[in-house]
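The values are calculated or read from the model by the stated rules, or taken from the named source; none is laboratory data. Treat the numbers as computed from the prediction; the structure is a model and nothing was measured. Positions of Cβ are backbone-derived with ideal geometry, glycine not excepted, and every protein chain shown enters the neighbour counts. The accessibility values were calculated without ligands, DNA or RNA, using every heavy atom of the protein model including side chains. Shrake-Rupley method; radii C 1.70, N 1.55, O 1.52, S 1.80 Å.
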Amino acid sequence: MTIINHQLHGKRTLVTGATGFIGGRLAQRLAAEEGAIVTGTGRSLEKVPFLKETAVTLQKVDLLDETGMRQAMTDQDIVFHVAAWLGREGGDERAYAINVTATEMIVKLAKELGVGRIVLVSSIASYGWPQRNDIDETHPLDTEQWETYGRTKAIGEINGLKLAKELGVELTVVRPGMVYGPRSDGWSVGMLKLVQKGTPVIFGDGLGHTYPIFIDNLIDGLLLTAVHPKAEGEAFNMCEPAITFNQFFGHYGDMCKKNPRRLPYWAASSLVVINKLFNLKLPINRDRLKRYKLKVEYPATKAESLLGYQIRTSIPDGMAKTEAWFKDVGML
């Protein structure tokens, strides 16, 4: 893969959440392709055995451990803050602690320790329920939305940018969409398994929009925002052009030679009522179901025009690389 820029060569970089999907690939490319001096933090270091093949130094550090984070951030030039609460454990209180409080702490430590720049990985979920079909960076974030993840990411962004400005710390925000690719539990492994099991994944006509971005396209953007002078203090959407649910799940169906299962919209609406009535705890509710009809775009126009960002891997190519990985690990 082509090196994105040479400005990261020899730079001391810290990746929080390096044991996760995005953080792991970011740390790998920083070390192997950019020639950066990389430290990665996380709680389950055994989850990223592939990083042992690189020059990444892994440290077991809890994101909420200020002493541990101070030690990890000491002498770093750039901090990529990737770690986040994703809904797997704890409730609102833990989500706020990780997505908001820890972000504020990292900004304060960056000031104290002289870190050159922070790249904060957020999400398009911070926008909340779309108020229009073209959601660019001028659209306000929704700090009152009912979705815990989106709400706390929005608050974390706003507080982080405000605090960074007050303290004179360089911070830039990246808002990716549905990040897929090799090792993605959420938007790749999980999606393939649903299609393989015959779980309904398309509700209604399937013409609503999804917002995928291939992992390496996102990493390209993160590397760029870490060094570009015009990125400081800014936020950037990073999504590829939207595709329909039919197209998105169609790729996974083609991989496993199985048609993605559909459910008429009326039937899905009934399922939402039954789910709530009997507390079945299925990952579907009325708002999520409504999203299947939305035709929203989260264009990366700002990153393209201001930073020169480019999507280098198309969705068909990204899906082909994902399929090859599935075959390598025995999932296909």
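Filter the range 86-111 down to residues that are of a type outside the set (S, T, N, Q), over 12 Å from THR16 (Cα atoms) and touching a residue at least 12 places away in the same chain (Cβ under 8 Å), then give me how many there are.
15
Can you report the number of residues in the range 222-233 which are outside any helix (DSSP H, G or I) and open to solvent by less than 60 Å² (accessible area, probe 1.4 Å)?
Residues meeting the conditions: 2.
Any chance the range 70-82 includes a residue that's under 21 Å from the mean Cα position of the chain (by Cα), assigned to a loop (DSSP other than H, G, I, E, B) and in contact (Cβ under 8 Å) with a residue 24 or more places away in the chain?
Looking for residues that are under 21 Å from the mean Cα position of the chain (by Cα), assigned to a loop (DSSP other than H, G, I, E, B) and in contact (Cβ under 8 Å) with a residue 24 or more places away in the chain, one finds at least one in the range 70-82, hence yes.
Restricting to the range 176-200, count the residues that are part of a helix (DSSP H, G or I) and farther than 30 Å from ASP136 by Cβ.
The total comes to 7.
Across the range 60-75, which residue is modelled with the lowest pLDDT among those that are under 17 Å from VAL38 (Cβ atoms) and open to solvent by less than 60 Å² (accessible area, probe 1.4 Å)?
That would be VAL61.
Return the residue satisfying two criteria in turn: it lies in the range 141-174 and is assigned to a loop (DSSP other than H, G, I, E, B) and closer than 26 Å to ARG286 by Cβ, and of such residues it is least open to solvent (accessible area, probe 1.4 Å).
Among those that are assigned to a loop (DSSP other than H, G, I, E, B) and closer than 26 Å to ARG286 by Cβ, it is GLN145.
Which count do you get for residues in the range 206-222 that are farther than 14 Å from ARG175 by Cα and in contact (Cβ under 8 Å) with a residue 40 or more places away in the chain?
Count: 5.
Residues are listed down the side, and each one gets a yes or a no for (1) charged (D, E, K, R); (2) at pLDDT below 95; (3) under 23 Å from ARG25 (Cβ atoms):
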{"residue": "THR143", "(1), (2), (3)": "no, no, no"}
{"residue": "LYS153", "(1), (2), (3)": "yes, no, yes"}
{"residue": "ILE158", "(1), (2), (3)": "no, no, no"}
{"residue": "VAL189", "(1), (2), (3)": "no, no, yes"}
{"residue": "GLN196", "(1), (2), (3)": "no, no, no"}
{"residue": "PHE203", "(1), (2), (3)": "no, yes, no"}
{"residue": "PRO212", "(1), (2), (3)": "no, no, yes"}
{"residue": "ILE215", "(1), (2), (3)": "no, no, yes"}
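Are there any pairs, at least 6 apart or on different chains, whose C-beta atoms fall under 9 Å, with the first in the range 263-281 and closer than 20 Å to LYS293 by Cβ and the second in a helix (DSSP H, G or I) and open to solvent by less than 60 Å² (accessible area, probe 1.4 Å), and if so, which?
Partner pairs satisfying both residue conditions: LEU263/LEU271; TYR265/LEU289; TYR265/TYR292; ALA268/LEU289; ALA268/TYR292; SER269/LEU289; LEU271/LEU289; VAL272/LEU289.
Take the range 6-35 and flag every residue that is of a type outside the set (Lys, Arg), modelled with pLDDT of 95 or more and part of a helix (DSSP H, G or I).
Those that are of a type outside the set (Lys, Arg), modelled with pLDDT of 95 or more and part of a helix (DSSP H, G or I): PHE21, ILE22, GLY23, GLY24, LEU26, ALA27, GLN28, LEU30, ALA31.
Among (1) assigned to a helix (DSSP H, G or I); (2) under 19 Å from LEU64 (Cα atoms), which single condition is ILE118 missing?
Only one criterion is unmet by ILE118, namely (1).
Yes/no matrix, rows are residues, columns are (1) at pLDDT below 95; (2) over 30 Å from PRO299 (Cβ atoms):
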position: ASN237; (1), (2): no, no
position: GLY250; (1), (2): no, no
position: CYS256; (1), (2): no, yes
position: PRO260; (1), (2): no, no
position: SER270; (1), (2): yes, yes
position: ASN285; (1), (2): yes, no
